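J.: Sharing a structure, written as structure tokens. Questions coming.
The values are calculated or read from the model by the stated rules, or taken from the named source; none is laboratory data. Treat the numbers as computed from the prediction; the structure is a model and nothing was measured. Ideal geometry is used to build each Cβ from the backbone, glycine not excepted, and the neighbour counts take in all protein chains shown. When the accessible area is computed, the model is the full protein with side chains, heavy atoms only, and any ligands, DNA or RNA have been set aside. Shrake-Rupley method; radii C 1.70, N 1.55, O 1.52, S 1.80 Å.
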Amino acid sequence: NLMFADWANRGLNLWTVTQDTKAVTSGTATYTFDATHVDLLEVVLRNSSGTDFTLTQMSRSEYLTIPNKSTTGQPSQYFFDRQVTPTITLWATPNATYTLVYYYVRRIQDADTLINTTDAPFRFLPCAVAGLAYYLAMKKAPSLVQQNKLIYEDELKRALDEDGQRA
């Protein structure tokens, strides 16, 4: 699980990108996600006729400085608060029913919740083995830490380089 957290901290792992939707109701600006939502990548607002409108992300300070947060209308921006239980706050506060359609970065599943399958593509298996050897060496064989770290970093770089988008 520590190794998976390390992979997530190093950047976007494409296999963890997932599309989902969330119903938006009139008069409600803030919605809660579960803890598997690490980050939002793209967000659109779909109206009742099926037309999508791109929402622009704003920072915490940009949201804070909006003078009238209770303004209603069709939302055009959002603030994603990356807490343990993440939330999204829309601005303007929705004046109708919409659907959020979004791509999010899903947390890599903990290793102890799996039966026989690791939550990573096959191309990451060599770096998973090298990473486990590195992490075990820190506890059991300190003399092998540096050697195993070099192997792990090399395997991880190779896997991350292959995990890029082609278009």
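J.: Amide H neighbours of Asp39 under 5 Å, counting only residues 5+ apart in sequence or on other chains, H built in-plane at 1.01 Å?
T.: Val105
J.: Gln77's amide H: which non-local residues (gap 5+, or another chain) put their own amide H closer than 5 Å, with H modeled 1.01 Å from N in plane and none for Pro or chain starts?
T.: Thr56, Trp91, Ala92
J.: Moving to a separate point now. What lysines does Lys69 reach when the alpha-carbon gap must be under 28 Å and sequence neighbours fewer than 8 apart in one chain are set aside?
T.: Lys22
J.: Residue-wise, which Karplus ³J(HN,Hα) couplings in Hz belong to region 140-156, taking 6.51 cos²θ - 1.76 cosθ + 1.60, θ = phi - 60°, and x for glycine or proline?
T.: 3J(HN,Hα) across region 140-156, in whole Hz: 10, 9, x, 5, 9, 4, 4, 4, 5, 5, 4, 5, 4, 4, 5, 5, 5.
J.: While we're looking at this one, here's another question. Ignoring ligands, DNA and RNA, please state the percent of accessible area on region 25-141 from carbon and sulfur, probe 1.4 Å.
T.: Numbers: 3690 of 6770 Å².
Carbon plus sulfur share of accessible area: 55 percent.
J.: Quick query: amide H of Thr87 versus all other amide H atoms, modeled in the peptide plane; which residues come in under 5 Å with a sequence gap of 5 or more or a different chain?
T.: Phe33, Asp81
J.: What lysines does Lys157 reach when the alpha-carbon gap must be under 23 Å and sequence neighbours fewer than 8 apart in one chain are set aside?
T.: Output for Lys157: Lys149.
J.: Answer with one residue from Phe33, Thr21, Leu64: the one whose Cα lies farthest towards the positive end of the charge dipole of region 15-115, charges on Cβ with Lys, Arg +1 and Asp, Glu -1.
T.: Leu64
J.: Once you sort the root eigenvalues of the Cα gyration tensor of the chain as a ≥ b ≥ c, which label holds: rounded (a/c under 1.5), prolate (a/b larger than b/c) or oblate (the other case)?
T.: Verdict is prolate for the chain.
J.: How would Val105, Val129 rank on accessible area, largest to smallest, probe 1.4 Å?
T.: Ranking Val105, Val129 by accessible area, largest first, yields Val129, Val105.
J.: Same structure again: Could you tell me which of rounded, prolate or oblate describes region 41-81, using a ≥ b ≥ c as the square roots of the eigenvalues of the alpha-carbon gyration tensor, with rounded for a/c under 1.5 and, failing that, prolate when a/b is larger than b/c and oblate otherwise?
T.: Working: a/c = 3.70, a/b = 1.55, b/c = 2.39.
Oblate is the answer for region 41-81, as a/c is 1.5 or above yet b/c matches or exceeds a/b.
J.: With a 1.4 Å probe and all protein chains left in place, how much accessible area per residue does the chain have, in Å²?
T.: 60
J.: Kindly write out, for region 22-29 in residue order, the coupling ³J(HN,Hα) from the Karplus curve 6.51 cos²θ - 1.76 cosθ + 1.60 (θ = phi - 60°), rounded to whole Hz, with x marking Gly and Pro.
T.: Going residue by residue, I get 9, 6, 10, 10, 4, x, 10, 9 Hz, with x marking Gly and Pro.
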